[in-house]
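Student: First the structure, which I've put down as structure tokens, then a few questions once you've had a look.
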Amino acid sequence: MTDSINMALIGCGGMGRSHMGRARDLPELNFTAYVDVLEEAAAGACEEFGGRYHTTDVETVWDDDEIDAVLIATHHDSHTPFATQAAAAGKHIFLEKPMALTIEECLEIEEAVAKAGVKLMMGFKFRFAPLVAKVKEVIQKPLVTVGQSLHPNMKGWAITPERGGGPVLSNGCHAFDLVYWLNESEPVLISAAGGALTHPEIGLVDNAAVSVQFENGSIASIIAGDSGDARYTSKFFFEVLDGQRTATLHDRCHKVTFGGCEIDSLSVEELPPPASSDPEGTRGELEAWARCLLDDTEPPTGPRDGTRATAMVLKAFEAIRSGKTQELRL
């Protein structure tokens, strides 16, 4: 693998096609195969984006020696079998979030990747958002961090316990990962309140207010769920404070307002290209994936990042059910 990576897309639904819309402009990523349980979805993606073949049988990809890596964008309950099978077949893996539905499954993926010696990168796009990077540059040692992932009332498979894990895990894992990354310290204590507020018939935690204490003593508060459309702050909202300076990311991290800093505010449109056209890091994460494969370096969002984010959410669920603060040691 010197100039480009031959890849297969596994899961040709909305998220998979969204990735393909960006990957088609990246010559380093050469998608040659498309897999989906729905033949028409795989065929449609192959026709639209180009490739050698499409199939409903993922084994075809595992047996294809010309494919170097896979992008997995399937329902969350299938992440573990697909990721472990890909690793066993010697394929590098870009895995959409969340990593898996349980901590045990996450660790299983970690073990499979380590054993096979392949690379796995998690799809935590906001780490690559240009204004998030600016905030991390300005405030390097936060004392307090606030994170928010609030969605209007969700529907479909993602809210089910057995397939998607619910809105706090499915979408909220972005907030948990980014709050960790902004602090760069391991979470050690998690307390939470919440419950089945918007989907009581399903019986899973769908909204949660979570408090996190990090190993370095900093703290964070995270609100995640699908209780409504947060018009003022936006779905994804983050605030970082270090005692003297503040940074507030709003409008889905497309804008940032600073306090106590030389700069007052900044919007992504004010940045030079290509950053100005990649407000949420969706292109940046694929560029980083290509670089780590071509340069044989470690992925910037690796398997442990996937395990940590899922573990933070699930420990919050335990705290809600038990009424007790949970320790997190990975």
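The values are calculated or read from the model by the stated rules, or taken from the named source; none is laboratory data. Just so it is clear, the model here is predicted, and its values are computed rather than measured. Quick reminder, even Gly has a Cβ in these numbers, built from the backbone with ideal geometry, and neighbours come from all protein chains shown.
Student: For Ala88, all conditions in the list (1) buried (at least 17 other Cβ atoms within 10 Å of the Cβ); (2) aliphatic (A, V, I, L, M); (3) out of contact with any His (no Cβ under 9 Å at 6 or more places or on another chain) hold save one; what is the number of the exception?
Tutor: Failing condition for Ala88: (1).
Student: Which strands (runs of 3 or more DSSP E) sit wholly inside region 137-254 and have at least 1 residues that are among the hydrophobic types (A, V, I, L, M, F, W, C) and under 27 Å from Met15 (Cα atoms)?
Tutor: Passing ranges, in order: 144-150, 207-214, 219-225, 236-241, 246-250.
Student: Oh, and also: I'd like the full set of residues that are under 23 Å from Trp157 (Cα atoms) and in contact (Cβ under 8 Å) with a residue 40 or more places away in the chain, limited to region 40-69.
Tutor: Matches in region 40-69: Val58 only.
Student: What are the residues in region 247-266 that are surrounded by 13 or more Cβ atoms within 10 Å (Cβ to Cβ) and either of a type in the set (Asp, Glu) or touching a residue at least 24 places away in the same chain (Cβ under 8 Å) (or both), if any?
Tutor: Ala247, Leu249, Asp251, Arg252, Cys253, His254, Lys255, Val256, Phe258, Cys261, Leu266
Student: I would also like to ask the following. Of the residues in region 216-249, how many are of a type outside the set (Ser, Thr, Tyr), within 18 Å of Ala133 (Cα to Cα) and over 18 Å from the mean Cα position of the chain (by Cα)?
Tutor: 6
Student: Considering only residues that are of a type in the set (D, E, K, R), in the same structural domain as Ser234 (by TED's automatic domain parsing) and either over 19 Å from Ser277 (Cβ atoms) or over 21 Å from the mean Cα position of the chain (by Cα) (or both), which ones fall in region 111-151?
Tutor: Lys136, Glu137, Lys141
Student: Contact list please: Cβ distance under 6 Å, first residue in region 1-26 and touching a residue at least 24 places away in the same chain (Cβ under 8 Å) and surrounded by 15 or more Cβ atoms within 10 Å (Cβ to Cβ), second residue in a helix (DSSP H, G or I) and of a type in the set (D, E, K, R), pairs at least six apart or on different chains.
Tutor: Correct list of pairs: Arg22/Arg283.
Student: Looking at Ala193, Ala208, which one is within 21 Å of the chain's Cα centre (by Cα), in the same structural domain as Val146 (by TED's automatic domain parsing) and not β-branched (Val, Ile, Thr)?
Tutor: Ala208
Student: With the structure loaded, tell me whether Lys136 is at pLDDT 95 or above, under 30 Å from Glu318 (Cβ atoms) and touching a Cys at 6+ places or on another chain (Cβ under 7 Å) or whether it fails that test.
Tutor: It is false that Lys136 is at pLDDT 95 or above, under 30 Å from Glu318 (Cβ atoms) and touching a Cys at 6+ places or on another chain (Cβ under 7 Å).
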